[in-house]
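The values are calculated or read from the model by the stated rules, or taken from the named source; none is laboratory data. Since the structure is predicted, the reported quantities are computational estimates derived from the model, not experimental observations. Cβ coordinates were reconstructed from backbone atoms using ideal geometry, including for glycine residues, and neighbour counts include every protein chain displayed. Ligands, DNA and RNA are excluded from the accessible area calculation, which covers all protein heavy atoms including side chains. Shrake-Rupley method; radii C 1.70, N 1.55, O 1.52, S 1.80 Å.
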Amino acid sequence: MKAVLQRVSSASVEVDGALVSSVSKGFLVLLGVENTDNEKDALALAKKISGLRVFTDNNDKMNLSLADVGGEVLVVSNFTLCADCRKGRRPNFEKAARGEQANSLYELFCDTLLSLGVKNVEKGIFGADMKVELLNDGPVTIIIDSSELAK
């Protein structure tokens, strides 16, 4: 699984002009699920993100986690994170998991964030054409690949 994590002051998702979900201070996570990913990947990635200390403390040091600041998470499925751009000019998406597998791991990832104490986890609509809006805080943007995490 690949995640692009952005620390935000706020983030929201619209589908067909209607607000689907929104969060205040916390993370926007764009989540890509690859066809080799499994439950261990979802659990490891959720654990890493829920405990990541990238919010500033009173000394302006990135030392606080989501739980420490009462942060929220907006998770948006994004198969394009699985793109292979090594050849040609058109990305290849063969590594992206198909719908049922991807959605199942996406839901497990979101449920795990909640079980790890994240105050609020909002979602986009899986597979929909979404308009994502965010106010990046920092900016702080981190890319995490579950294949690089200890499981």
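When residues in the stretch 18-36 are screened for being open to solvent by 40 Å² or more (accessible area, probe 1.4 Å) and either among the β-branched types (Val, Ile, Thr) or at pLDDT below 95 (or both), 2 of them pass.
Taking each residue of the stretch 112-123 that is closer than 12 Å to GLY71 by Cα and looking for partners that are assigned to a loop (DSSP other than H, G, I, E, B) with beta-carbon atoms closer than 7 Å, six or more apart or interchain, yields LYS119/GLY70; LYS119/GLY71. The set of residues from the stretch 77-91 being over 14 Å from LEU105 (Cβ atoms) and open to solvent by less than 60 Å² (accessible area, probe 1.4 Å) comprises ALA83, ASP84, PRO91. In the set (1) surrounded by fewer than 16 Cβ atoms within 10 Å (Cβ to Cβ); (2) touching a Gly at 6+ places or on another chain (Cβ under 7 Å); (3) farther than 21 Å from VAL118 by Cβ; (4) touching a residue at least 40 places away in the same chain (Cβ under 8 Å), ALA67 fails one condition alone, (3).
Okay, residues lined up against (1) farther than 21 Å from LYS119 by Cβ; (2) touching a residue at least 12 places away in the same chain (Cβ under 8 Å); (3) of a type outside the set (A, V, I, L, M):
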{"residue": "LYS2", "(1), (2), (3)": "yes, yes, yes"}
{"residue": "ARG7", "(1), (2), (3)": "no, yes, yes"}
{"residue": "SER12", "(1), (2), (3)": "no, yes, yes"}
{"residue": "LEU28", "(1), (2), (3)": "no, yes, no"}
{"residue": "LYS48", "(1), (2), (3)": "no, yes, yes"}
{"residue": "GLY88", "(1), (2), (3)": "yes, no, yes"}
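Can you list residue pairs whose Cβ atoms sit under 6 Å apart, with the first residue in the stretch 124-151 being outside any strand (DSSP E or B) and the second being surrounded by fewer than 14 Cβ atoms within 10 Å (Cβ to Cβ)? Count only pairs 6 or more apart in sequence or on different chains. Final answer for the pair search is LYS151/LYS40.
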